Amino acid sequence: MNTLTRNLRVLRRMTAAEIAQQSIYRGSWVIFMLANIFVPVTSLLIWRTALAHGARLPVDERYVTTYFVLLGFVTMATSSWAAGFIASDIRLGTLSSWMVRPASLLLGFVANNLSEKLLKLIALVPMIGIVWWLFRESMVVPAGFGRWALFAVAVLLGAVLVFTIDILIAALAFWLDDVSALVQARVIIASVLSGAVVPLALMPSWSRGFVEFQPFRFTVSFPVEIVAGRLSGAELLLGFGLQLGYVVLAGVLARVVWAAGLRAYSAVGA
Amino acid sequence: MRYLRLWRRFFAQAVVRETHYRAHFLTTLGVGLVQLGLGIVPTLLLFGFTSELHGWSRAEVIALVGVYQIVTGLMAAFVAPNLNRMTSYLTEGELDAVLLRPVSSQFYLTFRWINVAELTNVASGVAVLVIGLLQADVRADAGQIVQAVLLAGCGLVLLTAVWSALAYLAFWLQSVGPIGIVYTSLAEAGRYPLAFFPTAVRTFLTFAFPVAFATTYPVQALTGDLSWRYVALAATLTLLALLLTRLLWSRGLRTYASASS
């Protein structure tokens, strides 16, 4: 327990330091988040046009609108960009300076993730608010606190899942020199399978079973579905069960691969 | 003329450099193909639910995706490697060295670096365009092709001008690192016909962020008969955009205080 509290204290300090450092570039965070919102809004307009012109979609206008308005927030909140940086630390040997510190090696990357997300949130939430207001007529707003609480839990678990997968890929850099192609592959595959490009509900019916059970659904689509869709109690339970299962699985895998990697680490430049 | 010769040198140098990094070439090719496939996914899914949307058939939209791929490939090859450096030009003071050169610094800043590998995306875009046109059973005559090429050319210059203007904001904001991402995500709208958007957005995509001239109008010129008035409009807007960018550049340059000396 003692180690945990100490790690948490270190994490809090490091996050605060990162926030102070990153807020120098607050202008560029706003620009960055602007980019984050354009693509979902484009998709939203296209699918609404299709619906307005009689395309028979398996979901209605309210689902599509709510889905794409929340999408920008969820993709940002669950994103992780650590793999490239960890891999370059491993390749250049700068990882060594982290290894001698009296706290977990990965805390720095967790702190970076949390602090950047906090700053992005400040820029992104007002923009989402404006888009929400523009389309307020067709937004699904679940009554009561329950759904939103579930949404928050699902986003949190999704963020942990993406971060863990990212660490897993980064850990491969202990053996491979360059993981940038793997990172790029993860991003491209995830963008389709997570529902970030097209809602998974619009995927062709032959892919349904696979799409619903694969891990990437739980990084983006599942939290949004909780608010936008009408997931039944049983579906919710199954969803959270699967999400938790994937988090544990990815966690164990990452832990094993990372530990094996550290033993193989040769500390270039030391 | 001198600039053309100079640019040919830049290009030759970029080709030589590319041959040193063959893996980069292959990765760019692979990623480009996957992205192209991914770009068609929404279109294919969309037309799984309807056969025709606002007068556009599936084949015509596939042709449009091809044009979009060509345009993004050209921009990524010739313009992006330069404008993405804008922040470092200013904050590292590299601009000093550029200003001293006996060429137009705006030309040098916009065209110095070329990413040859991105040209593979232009090739795949041409393939998709041809497939789309064949599927749509389009037989374009010479006049239509000239129209399409002129419109796409104006579209490219317009996009370059808008992106340059965004990048020149660095003179006042210091850091415009993510501006390239903003440009790319706005340009994503060019994947779809202009007609798919509400009127306000159409106006924006024609006059403010004129991606429509680079993708929608050229395809319309090929598949139907588009009035020459659109070509005239594109040319006028291009001229205007060039003038405004030039003006912004000289205004920005006056605020530049040099970072290195």
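The values are calculated or read from the model by the stated rules, or taken from the named source; none is laboratory data. Remember, predicted model here, so these are calculated numbers, not experimental data. Glycine also receives a Cβ, built like all others from the backbone with ideal geometry; neighbour counts cover every protein chain displayed. Side chains are part of the model used for accessible areas, which takes the heavy atoms of the whole protein and leaves out ligands, DNA and RNA. Shrake-Rupley method; radii C 1.70, N 1.55, O 1.52, S 1.80 Å.
Residue check: B:T27 meets all listed conditions (1) within 11 Å of chain A (Cβ to nearest Cβ); (2) more than 23 Å from B:G125 (Cα to Cα) but one, namely (2). Scanning segment A:123-150 for residues that are without any contact (Cβ under 8 Å) to a residue 60 or more places away in the chain and assigned to a helix (DSSP H, G or I) turns up A:V125, A:P126, A:G129, A:I130, A:W133, A:L134, A:R136, A:E137, A:G146, A:A149.
Could you check segment A:17-28 and list, in sequence order, the residues that are buried (at least 19 other Cβ atoms within 10 Å of the Cβ) and at the interface with chain B (Cβ under 8 Å from one of its Cβ atoms)? Scanning segment A:17-28 gives a single hit, A:S28.
You will find that of B:V122, B:V128, B:V138, the residue that is open to solvent by less than 60 Å² (accessible area, probe 1.4 Å), closer than 25 Å to B:I40 by Cβ and assigned to a loop (DSSP other than H, G, I, E, B) is B:V138 and no other.
Can you confirm whether B:G32 is within 13 Å of another protein chain (Cβ to nearest Cβ), under 18 Å from B:P218 (Cβ atoms) and within 19 Å of the chain's Cα centre (by Cα)? No; evaluated as a whole, the condition is false for this residue. Picking from residues in segment A:198-245 that are aliphatic (A, V, I, L, M) and within 14 Å of chain B (Cβ to nearest Cβ), the one that is farthest from A:W47 (Cα to Cα) is A:V211. Does any residue of segment A:190-197 turn out to be in a helix (DSSP H, G or I), among the polar types (S, T, N, Q), in contact with a helix residue (DSSP H, G or I) (Cβ under 8 Å, 6 or more places away or on another chain) and more than 14 Å from chain B (Cβ to nearest Cβ)? Among the residues of segment A:190-197, not one is in a helix (DSSP H, G or I), among the polar types (S, T, N, Q), in contact with a helix residue (DSSP H, G or I) (Cβ under 8 Å, 6 or more places away or on another chain) and more than 14 Å from chain B (Cβ to nearest Cβ), which makes the answer no.
Within segment A:45-68, the set of residues being farther than 21 Å from A:L134 by Cα and without any contact (Cβ under 8 Å) to a residue 24 or more places away in the chain comprises A:G54, A:A55, A:R56.
Listed here are the residues, each with its yes/no results for (1) surrounded by fewer than 22 Cβ atoms within 10 Å (Cβ to Cβ); (2) more than 24 Å from B:R8 (Cβ to Cβ); (3) not basic (K, R).
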{"position": "B:L99", "(1), (2), (3)": "yes, no, yes"}
{"position": "B:R112", "(1), (2), (3)": "yes, no, no"}
{"position": "B:L134", "(1), (2), (3)": "yes, yes, yes"}
{"position": "B:G153", "(1), (2), (3)": "yes, no, yes"}
{"position": "B:A167", "(1), (2), (3)": "no, yes, yes"}
{"position": "B:I179", "(1), (2), (3)": "no, yes, yes"}
{"position": "B:V182", "(1), (2), (3)": "yes, yes, yes"}
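Criterion applied to B:G143, B:G190, B:G155, B:G177 was being away from every other protein chain (no Cβ under 14 Å) and touching a residue at least 60 places away in the same chain (Cβ under 8 Å), and the one residue passing it is B:G155. Considering (1) within 14 Å of another protein chain (Cβ to nearest Cβ); (2) free of Cβ contacts under 8 Å to residues at least 40 places away in the same chain; (3) open to solvent by less than 40 Å² (accessible area, probe 1.4 Å), the lone condition that A:Q184 does not fulfil carries the number (3). With respect to (1) out of contact with any Ser or Thr (no Cβ under 8 Å at 6 or more places or on another chain); (2) surrounded by fewer than 19 Cβ atoms within 10 Å (Cβ to Cβ); (3) assigned to a helix (DSSP H, G or I), the lone exception for A:A103 is condition (3).
Checking each residue in segment A:98-117 for being basic (K, R) and under 24 Å from A:I31 (Cβ atoms) picks out only A:K117.
Could you look through segment A:92-128, keep only residues that are at pLDDT 90 or above and over 18 Å from the mean Cα position of the chain (by Cα), and pick out the one that is farthest from A:M33 (Cα to Cα)? Of everything passing the filter in segment A:92-128, A:P126 is farthest from A:M33 (Cα to Cα). Among residues of segment B:193-217 being assigned to a helix (DSSP H, G or I) and among the polar types (S, T, N, Q), the one that is nearest to the other protein chains (Cβ to nearest Cβ) is B:T199.
Would you tally the residues in segment B:5-59 being touching a strand residue (DSSP E or B) at 6+ places or on another chain (Cβ under 9 Å) and either part of a helix (DSSP H, G or I) or among the basic types (K, R) (or both)?
3
When A:S88, A:S96, A:S43, A:S23 are checked against the criterion of being assigned to a helix (DSSP H, G or I) and touching a Gly at 6+ places or on another chain (Cβ under 9 Å), A:S96 stands alone in meeting it. Looking across segment A:50-70, the residues that are facing chain B (nearest Cβ under 7 Å) and open to solvent by less than 20 Å² (accessible area, probe 1.4 Å) come down to A:A50, A:A55.
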